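Worksheet: one structure, shown below.
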Amino acid sequence: MEKINPKNINFSSMTEEETSALKKRIFNTIHQKKTKKRNYWFSGLAAACLIGCIGLTFYYYNTVNVESSITDFVNSTDADNDSLKEGEVVLTLGEGNSLKIKEDVASVNYSNTGENVTIGADEVVNQKATKNKKAVFNTLSVPYGKRSNLTLSDGTKVWLNSGSKLVYPIAFNGDKREVYIVGEAIFDVTHNEKKPFHVISDYQVVEVLGTVFGVTNYPDENATNTILKSGSVQISFKDINQASSHTDKMKITPGTKASFDKNSKSIVSEKVNVDNYFSWKEGVLIFKNNDLQFILKRISRYYNIDIIIDNESLATETFSGYLDLNEDILSVINSIKESTNMEYIQTENQILIK
C-alpha cells in the first residue's frame, strides 16, 4: 500500500539542517500552544480570585458589619439604672434622641423594617435601620411606677415591668435575633427556625426559636430567673469573672423556673405555677410563700415609692395570696396588714413598716 505524504515532503532525502529546522518549528509551535493554555489558565484563576474578593468584600460590608455586638453597645452606653427610679417611659433612638412617653402603660410598635415606630395610638417616628452599615439599636427604659408593651420588627411581643430596660436592634439583619434585658420582661417570641432569639443579661443568655417566657434580672436582687410558659429554651449561664464564656447550660420545659444565684453561682430549677410570675402584666401580684421583704420590693417598684421595713423578723415572714395593683398603694398595704400585726407610717415619698 502506498503511504500518503501530505505536502509531498520527502523525509528520506532531507538534510540534517532541514530536519533540525523542522524540529525547531514543531517545538516552537508546541511551546506557543502550551503558553497560550497556561495564560488562559492564569487569566481564569485571576478572574475567579477577583470575583471571590468582590464577593467577600460585599459580604463583609453588607453582612458582618451590619451585625455589631449588642453587648458592646450596652457596655459603651450609660448604665445608670438609678434613672429607672423616677420619671417617664423613655424611648432612646439610634441617633441618641430621647422621646418621653407619658402613659402609665406605654405602647411602642415597630414596622417590619423597623424604620417606622408607632408610639401610643397615633404618634409615628421614622429612623434609619442602619448607620455606617452597622446595626442601629434602640433602648426602651421603663421607670418605677410604669409599665410598657413593645412589638419588635419581627413581630415578637414584649411586656416590660417597672424598673426595666430593653436594648434591641431596629431590625434583625443577621443570623440571630438578640436583645438585652435589665429588670423584668415577658417575651412572646415569633417563631423563626433560621433566626434563634437570644435574650441576654449580665449573667445568662436565653436562646429560643419561638415561645413564651419571662426573665427577671434586677440589679438589686441576688438571682436571675427564667420562667417558661410554652415551647422550649436553652439557658447559657455566664461566669462573672469571664463574661465571654459560658460555664453551664440548661434546657427547661414549660412550667419550670431556672434560677442563677449571683453570689454562690449556683443553678437550680423547679416546677412552678407560671401565672404567679406573669400576673403583673394584668395588674395583679400573686405570691406563694414569699417573704415580706420580697413582696414589698415588688410593690415599691410598681408604685414608685420607697418602702422600708424596720423589723427584721417581719421582713422574713412568708405570705401567700394576691394583691390587686389597680388599687391605690394604701389599699394594698392595708391588705397586707390584715394578714400580720405590722404597723406603718406614711410620708410623702416613703412608707415605713414597723
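The values are calculated or read from the model by the stated rules, or taken from the named source; none is laboratory data. Because the structure is predicted, anything quoted here is derived from the model rather than measured. In this analysis, Cβ positions are derived from the backbone assuming ideal geometry, glycine residues included, and neighbour counts consider all displayed protein chains. Surface areas here come from the heavy atoms of the whole protein model, side chains and all, with no ligands, DNA or RNA. Shrake-Rupley method; radii C 1.70, N 1.55, O 1.52, S 1.80 Å.
With every protein chain kept in place and ligands, DNA and RNA left out, what is the accessible area per residue of segment 226-354? Probe 1.4 Å, answer in Å².
56 Å²
Do the alpha carbons of any pairs in 100/257; 229/281; 195/229 sit beyond 23 Å of each other, and which pairs?
Where the Cα-Cα span goes over 23 Å, the pairs concerned are 100/257.
Stretch residue 264-residue 121 to full length: gain in nm at 0.36 nm per residue minus the Cα-Cα span?
Values: separation 143, 0.36 × 143 = 51.48 nm, distance 4.57 nm.
Net length gain for the segment: 46.9 nm.
Would you mind checking the pairs 134/157; 288/337; 146/265; 85/133; 85/251 and listing those with alpha carbons more than 28 angstrom apart?
Where the Cα-Cα span goes over 28 Å, the pairs concerned are 146/265; 85/133; 85/251.
If you count only protein heavy atoms with a 1.4 Å probe, what accessible area per residue comes out for segment 71-166, rounded to a whole Å²?
That works out to 50 Å² for each residue.
Rounded to the nearest Å, what's the spacing between the alpha carbon centres of segment 95-163 and segment 165-184? Just the number, please.
Centre-to-centre (Cα) distance: 11 Å.
Students often check this: by mean Cβ neighbours within 10 Å, which of 311-324, 136-149 ranks highest, and how do the rest follow?
Order by mean packing, descending: 136-149, 311-324.
Could you check how much of the accessible area of segment 257-354 is carbon and sulfur, as a whole percent, using a 1.4 Å probe?
42 percent
In vacuo Debye scattering of segment 149-198, one point per C-alpha: log10 I(q)/I(0) at q = 0.29 Å⁻¹?
So the normalised log intensities are -1.25.
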